[in-house]
Amino acid sequence: MLDHRRQLLEDYRLSPEVVYSCQEDIKTNCRTKPKVVACLSEMVRNDSVAQSLVSRLGNHVGSQHRVSQPCRQQLRNQLLQQHEDVQFNPNVRKPCASDEKRFCAQIKPGQGRILECLKAHRKQLDDICHAAIFQVEKEEMDDSGVDFQLIQQCKEPIRRLCQNDASSALECLKSHLDDTTLELHCKELILERMAEQNLDIRFNPALKKACTMDIPKFCLAVWQSAPKDRELEGKVVDCLKQNFVSKKPLTQSCADHLTVIMEQQALHYQLDPVLVSVCDKEIEVHCGPEELENNRQGQVEECLKRKFDTLTNVECRRHIALLITAVQIDIQADPLLHRACAIDLVTFCKDVPPGEGRKPHIGHVYTAVLADSSARFHRLIGCSPVVFSTGTDEHGLKIQQASLQANKDPSQFCDQVSVLFKNALDKCEIGYTDYIRTTENRHKENVHSFWNILSDKGYIYKGKYEGWYCTADETFVTEDQTTLVKLPDGREQRVSTESNRPVEWFSEENYLFKLSKLRGELLKWLISGPVVRPVRHYNLVKSWLEQDLVDLSVSRPRARLSWGIPVPEDPSQTIYVWLDALLNYMTVAKHSHSDKNIWPPSVHVIGKDILKFHSIYWPAFLLAAGFDPPKCLLVHGHWLADDQKMSKTTGNVVSPQSCIDIATATGLRYFLLHEGVPASDGNFSMTKLVRIANSNLADGIGNLVNRCCGKNLNPLQIRLAVSPSDFEACGSPGLELFDLLQRTPDIVHEEYLQWNFYKGIDQIMTLVRGANGFFQTMEPWKLKKEGKIDKLNATLAVTMETARVVGTLLQPIVPSYSERLLDKLGVPRENRDWNFARLRSSTADTSLGAQGTVLFPKIKSD
């Protein structure tokens with residue numbers, strides 16, 4: 001009887017039900033095929049793959065070969081019989097004959113017991129039998145939609161926890177995986193099914209549906225190989241994961257499902273097939289049953305991480321290294337570099353905190369220090385109010401993808417990053433009056449209000465936008481702004497010529513801004529005065545405006561960019577991140593506590609990489625809305641590190657904290673402003689930082705102050721009254737210093753006004769060197785010894801007055817250092833504005849301040 005039923009399944013001619021139900025299908029598609037049942041079954045399996053591509057590719061792939069519903073149902077009945085016993089399934093019986101004898105010889109045929117026996121010995125099966133079992137399971141899920149083994153093994157939990165609903169049993173049981181009443185054999189089978197879902201997209205209809213748009217776009221070649229590639233397992237999911245890790249613009253639903261898969265793999269080591277495969281012996285040795293805390297719920301992976309140094313299997317070490325460094329890898333780093341250097345990262349860089357790519361570097365600090373120095377200078381010369389804002393722009397696709405990769409909610413991710421930047425600015429003594437975050441409600445309200453103004457004035461319309469998009473720069477670029485580069489693996493990648501970052505082609509329906517209508521007004525603004533400085537950047541902006549401008553996309557589909565401010569009255573679109581971010585300046589102005597109108601801004605201090613956004617888009621938005629554009633853009637260059645471009649992939653990005661740890665915030669501020677020239681790129685060197693800080697702050701100024709304040713020459717600890725006659729009393733050295741002291745404040749004032757802080761510092765240090773030379777020439781120790789007290793006092797008075805002027809002039813540059821210097825000289829707080837930044841005659845001596853504080857401890861260098 002068994003032989004007869006088996007023959008019915010193998011030969012359709014012996015099955016009148018199949019002949020009747022499938023005669024048209026056989027005639028159309030399988031007449032010439034020797035194994036008709038196999039032909040029909042293969043068509044059913046491939047049908048869903050072909051049909052899922054139809055809507056995405058605009059063709060009818062496989063639609064002419066669809067199996068009719070009656071035939072499909074009859075084949076499902078056949079499949080059920082095959083499942084009930086391996087003898088009815090030639091695709092399993094033949095390749096598993098030897099394994100059946102080895103492991104299942106005592107089991108009687110019928111009722112699926114031999115098939116279940118083989119599955120129970122899965123890890124010990126021959127490769128050919130293992131592949132056959134896998135194919136059977138795939139057929140069960142593709143063709144029947146019912147997992148017979150799961151229903152058998154988990155019958156009681158399905159009845160109790162899932163209302164006896166077999167069709168969605170797995171999804172239901174997954175949500176009860178931590179239920180303590182779940183039987184062990186059922187729980188292990190659920191984990192096995194989850195692993196299959198994570199491994200192969202054909203076992204995960206939810207992921208397939210969520211990534212419907214992404215599979216043809218990023219993984220089409222892999223997907224189309226499904227009907228013929230028996231080694232497909234994992235390739236589609238791996239392809240999607242690789243694109244996700246590479247920050248390709250996957251749809252939100254697909255990215256969310258991939259995140260869940262990775263979380264599942266982290267929680268249950270059985271769901272990471274690679275971990276199970278390459279680390280099985282290491283798990284047995286290091287994380288077996290004797291390790292009581294390893295309850296198969298994420299603890300095995302953590303155990304292997306803890307015992308990384310004791311692992312001996314190279315492949316296992318590499319995989320665990322990848323898991324460890326997944327939270328350390330820079331979100332902007334090359335995943336290929338990550339994979340290649342995984343073991344080295346764990347071996348040499350395990351103490352590096354996560355998220356380095358979102359931390360501030362000295363380029364960020366330089367922008368803030370420039371703006372802070374100018375704000376402090378303007379307060380000293382009597383400007384009021386001086387509003388100085390800085391902060392973080394926190395929306396956009398780049399942030400959205402970074403938060404997903406960091407496995408954090410975008411809001412939580414932004415909170416963490418913003419704190420890092422705010423702390424860095426505070427440590428560098430940045431005296432901002434407003435720290436604005438673009439996720440604040442006050443900003444969202446302003447953005448909506450501004451959008452409505454542009455819309456009401458007719459500058460916004462809906463249309464289709466196509467072009468190359470750079471996610472890292474959050475901007476579209478034209479064809480001639482891109483170029484093809486060859487990657488290390490031989491593939492070609494199109495990148496932006498401006499930033500050298502990857503671009504991708506996008507075609508979307510967005511809201512567009514009529515930028516093309518504003519070229520004339522932008523040119524008028526540009527030539528109205530020195531609105532872009534230095535002149536090299538002015539010339540660049542002028543060259544941009546000499547060309548025609550194209551309308552600008554100012555929104556993104558919500559399906560692609562969910563982390564941002566929605567367009568008013570159209571939640572399907574998200575406002576373009578740069579329109580959102582640039583409006584932070586207006587948000588600050590609206591919420592300023594000043595009684596005076598502080599718009600337009602006197603200056604924006606920016607890096608040259610965001611010049612186009614501030615010199616074209618921003619003034620255009622403002623002009624369209626009826627607001628004045630900013631009066632000036634101060635544009636500075638980038639910073640190199642030891643004459644090389646700073647890059648996260650080369651690992652030479654300079655952290656402000658590392659500089660502060662060695663040279664203090666004073667040393668870092670002084671170096672950046674001493675070496676930074678806005679018109680060109682700066683060059684950072686830790687050796688140079690130490691040398692300049694020691695030479696100027698410790699030896700130059702520090703030595704000058706210590707000489708005249710020391711108790712040996714100044715036992716009364718007073719700052720002596722001073723007048724021009726004291727300079728005359730010191731002869732030609734005194735007159736030369738007097739002339740230098742008279743000229744210096746005006747020169748420094750002009751250089752500070754022109755943003756040439758480096759020139760102002762040079763002039764101050766010329767005065768310091770002159771004062772030290774004067775002191776050395778006068779030899780006050782000899783004057784004291786010889787009893788020439790009047791000349792000694794004149795020498796000390798002249799030196800201390802010069803030091804006082806130096807401290808006053810340096811306040812915008814190194815505020816805490818200058819404060820210590822002026823405190824040391826006993827200068828009252830009310831006598832520290834710019835009016836006192838020159839020789840001030842006095843008739844009364846002043847007591848010095850506390851002398852215990854060292855102005856700048858000399859840095860010991862190796």
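Annotations
- Helices (runs of 4 or more DSSP H) lying entirely in the range 191-309 (those with 1 or more residues that are at pLDDT below 75 and hydroxyl-bearing (Ser, Thr, Tyr)): 252-267, 273-278
- Looking across the range 607-641, just one residue is touching a residue at least 60 places away in the same chain (Cβ under 8 Å), farther than 22 Å from residue 755 by Cβ and in contact with a Pro (Cβ under 7 Å, 6 or more places away or on another chain), and that is 623.
- Residues of the range 499-513 classified as surrounded by fewer than 16 Cβ atoms within 10 Å (Cβ to Cβ) and touching a residue at least 40 places away in the same chain (Cβ under 8 Å), total: 4
- Scanning the range 553-586 for residues that are more than 25 Å from the chain's Cα centre (by Cα) and in contact (Cβ under 8 Å) with a residue 60 or more places away in the chain, we see that the one that is surrounded by the most Cβ atoms within 10 Å (Cβ to Cβ) is 586.
- Considering only residues in the range 579-607 that are among the small types (Gly, Ala, Ser) and outside any helix (DSSP H, G or I), the one that is nearest to residue 446 (Cα to Cα) turns out to be 592.
- Scanning the range 410-430 for residues that are surrounded by 15 or more Cβ atoms within 10 Å (Cβ to Cβ) and of a type in the set (Gly, Ala, Ser) turns up 418, 424.
- Check on residue 436, surrounded by fewer than 22 Cβ atoms within 10 Å (Cβ to Cβ), modelled with pLDDT of 90 or more and among the aliphatic types (A, V, I, L, M): yes
- A residue that is closer than 25 Å to residue 399 by Cα and of a type in the set (Val, Ile, Thr) cannot be found anywhere in the range 484-491.
- Residues being over 22 Å from residue 674 (Cα atoms), among the polar types (S, T, N, Q) and surrounded by 17 or more Cβ atoms within 10 Å (Cβ to Cβ) - total across the range 805-845: 0
- Of residues in the range 422-476 being part of a loop (DSSP other than H, G, I, E, B) and among the aliphatic types (A, V, I, L, M), the one nearest to residue 583 (Cα to Cα): 472
- Scanning the range 514-537 for residues that are surrounded by 18 or more Cβ atoms within 10 Å (Cβ to Cβ) and either aliphatic (A, V, I, L, M) or in a helix (DSSP H, G or I) (or both) returns 515, 518, 522, 525, 526, 531, 532, 537.
- Condition check for residue 658: part of a helix (DSSP H, G or I), among the polar types (S, T, N, Q), modelled with pLDDT under 90 and not assigned by TED's automatic domain parsing to the domain that holds residue 429: yes
- Test: residue in the range 530-538 that is among the basic types (Lys, Arg) and more than 26 Å from the chain's Cα centre (by Cα): yes
- Taking the conditions (1) crowded, with 17+ Cβ neighbours inside 10 Å; (2) within 25 Å of residue 857 (Cβ to Cβ); (3) of a type in the set (Phe, Trp, Tyr) in turn, residue 781 satisfies each one other than (1).
- Residue match in the range 353-375 (condition: modelled with pLDDT of 70 or more, crowded, with 17+ Cβ neighbours inside 10 Å and in contact with an Asp or Glu (Cβ under 8 Å, 6 or more places away or on another chain)): yes
- Any hit, the range 778-790, residues being closer than 29 Å to residue 379 by Cα, of a type outside the set (Ser, Thr, Tyr) and either in a helix (DSSP H, G or I) or free of Cβ contacts under 8 Å to residues at least 60 places away in the same chain (or both): no
One line per residue, one yes/no per condition, for (1) over 22 Å from residue 550 (Cα atoms); (2) modelled with pLDDT of 80 or more; (3) not hydrophobic (A, V, I, L, M, F, W, C):
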residue: 490; (1), (2), (3): yes, no, yes
residue: 496; (1), (2), (3): no, yes, yes
residue: 499; (1), (2), (3): no, no, yes
residue: 517; (1), (2), (3): no, yes, yes
residue: 520; (1), (2), (3): no, yes, yes
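- Among the conditions (1) in a loop (DSSP other than H, G, I, E, B); (2) in contact with a helix residue (DSSP H, G or I) (Cβ under 6 Å, 6 or more places away or on another chain), residue 500 misses just one, which is (2).
- Selection from the range 99-115 of residues that are crowded, with 17+ Cβ neighbours inside 10 Å and either over 14 Å from residue 133 (Cα atoms) or at pLDDT 75 or above (or both): 99, 100, 103, 104, 114, 115
- Some residue of the range 460-476 being touching a Gly at 6+ places or on another chain (Cβ under 7 Å) and not assigned by TED's automatic domain parsing to the domain that holds residue 620: yes
The values are calculated or read from the model by the stated rules, or taken from the named source; none is laboratory data. No experiment lies behind these values; they were computed from the predicted model shown. Please note: Cβ atoms are built from the backbone with ideal geometry, for glycine as well, and neighbour counts cover all protein chains shown.
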